[in-house]
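Notes follow once the structure below has been shown.
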Amino acid sequence: MREYHLNRHLLETSSEELQREIRGAYANNGVTIEALAEMYGVTELRIRRMLRPQLERRLQERLDALPKAARAELLHVLMMPDPQRAERIGDFWSYPQSRTFAELLIDCEEDRTLRAVLIGMLRENYR
């Protein structure tokens, strides 16, 4: 019944209204992208496109919170060839103080789009 209701809702809702609704659900309820895709019956890629401005703003805020040296190191590591990058991630992982940084790098390994976006944002900061 809920699936029928959501599909009917999608048919009756304009694309712009749907985008506003999805952005609101993401911003206010902390719903994951995966859950939104399932709820609205659209692909995660479509959800990511709808949320791109919000995601980029949140990412920029998090980058701005990092010290300048950490941002420089992040860009440096992201630009390394795969084998060296993997070794460097292992180095960060081996120290408890830098494990969060290693987790960010691991997320970038799992999501090439995130890696590309981060590289672009970090390069832009150094212009």
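The values are calculated or read from the model by the stated rules, or taken from the named source; none is laboratory data. Everything quoted here is computed from the prediction, not taken from an experiment. A quick note on method: Cβ atoms are made from the backbone with ideal geometry, for glycine too, and the neighbour counts reach across all protein chains shown.
General observations
- Of residues in region 43-61 being free of Cβ contacts under 8 Å to residues at least 12 places away in the same chain and of a type in the set (A, V, I, L, M), the one surrounded by the fewest Cβ atoms within 10 Å (Cβ to Cβ): 45
- Selection status of residue 64, in a helix (DSSP H, G or I), exposed (fewer than 12 other Cβ atoms within 10 Å of the Cβ) and either basic (Lys, Arg) or at pLDDT below 90 (or both): yes
Let's see how each residue does on (1) under 26 Å from residue 19 (Cα atoms); (2) modelled with pLDDT under 90:
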{"site": "43", "(1), (2)": "yes, yes"}
{"site": "48", "(1), (2)": "yes, yes"}
{"site": "59", "(1), (2)": "yes, yes"}
{"site": "88", "(1), (2)": "no, no"}
{"site": "120", "(1), (2)": "yes, no"}
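- A single member of 87, 109 is assigned to a helix (DSSP H, G or I) and either under 26 Å from residue 48 (Cα atoms) or touching a residue at least 24 places away in the same chain (Cβ under 8 Å) (or both), and it is 109.
- Unmet requirement for residue 112, which otherwise passes all of (1) modelled with pLDDT under 90; (2) surrounded by 11 or more Cβ atoms within 10 Å (Cβ to Cβ); (3) under 27 Å from residue 45 (Cα atoms): (2)
- Here is the figure for region 6-16: residues that are surrounded by 11 or more Cβ atoms within 10 Å (Cβ to Cβ) and either in contact with a Cys (Cβ under 9 Å, 6 or more places away or on another chain) or at pLDDT 50 or above (or both) total 1.
- So residue 71, is it in contact with a His (Cβ under 9 Å, 6 or more places away or on another chain), modelled with pLDDT of 85 or more and surrounded by 12 or more Cβ atoms within 10 Å (Cβ to Cβ): no
- In region 62-84, residue nearest to residue 107 (Cα to Cα) [restricted to those that are of a type in the set (Lys, Arg) and free of Cβ contacts under 8 Å to residues at least 24 places away in the same chain]: 62
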